[in-house]
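Just so it is clear, none of the values below were taken in a lab; they were calculated from the coordinates. It should be emphasised that the depicted structure is a prediction, and the values quoted were computed from it without experimental measurement. Please note: Cβ atoms are built from the backbone with ideal geometry, for glycine as well, and neighbour counts cover all protein chains shown.
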């Protein structure tokens, strides 16, 4: 009787230890699966930031550049007309008036904006683009780290046994798409 009770206790202890181990591995796989999902959501968050930010930045830069470009084009056109007009002609007077008008608009722009800002705006755009791409790269790297840890647990023994019992399988790494080696162009 004592011998059979001892065998039952040993078997029960083995079942409890094995069950505890399986439970622990299962919970670890679930936690890592959730970490991967959370990290992927962070990657998508950064993609959304990119999609929201870049068109607005590009439009802001375009607006600043158009304002400055218009003033300088008007001055250049008036100067060309003045240079091409016959001496003492009405064309020369009109061209001079046009130069004066363009210069006065330039002075108004200069008074309102002491430094013309398109260069600063373009530099800000470049910094924001670089920052956005860096954030995305960091989040992709974190996602791949989570996937690597999960996949390692899923394919190594004894985690492979538990993963197979509960339907866990390897997760895909984030990989660049075909043509990603070619930098996108920003067209103003």
Given the Cα-Cα distance of residue 130 and residue 85 and 0.36 nm per residue of separation, how much length would full extension add, in nm? 11.3 nm
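Between residue 174 and residue 1, what is 0.36 nm times their sequence separation minus the Cα-Cα distance? Round to one decimal in nm. Could the numbers behind the result be given before it?
Details: separation 173, 0.36 × 173 = 62.28 nm, distance 6.02 nm.
Answer, rounded to one decimal: 56.3 nm.
Assuming R0 = 25 Å, can you tell me the calculated FRET efficiency for the pair residue 145 and residue 24, based on Cβ-Cβ distance, to the nearest 0.05? Spell out each step's value before the answer.
Numbers: r = 22 Å, r/R0 = 0.87.
The calculated FRET efficiency here is 0.70.
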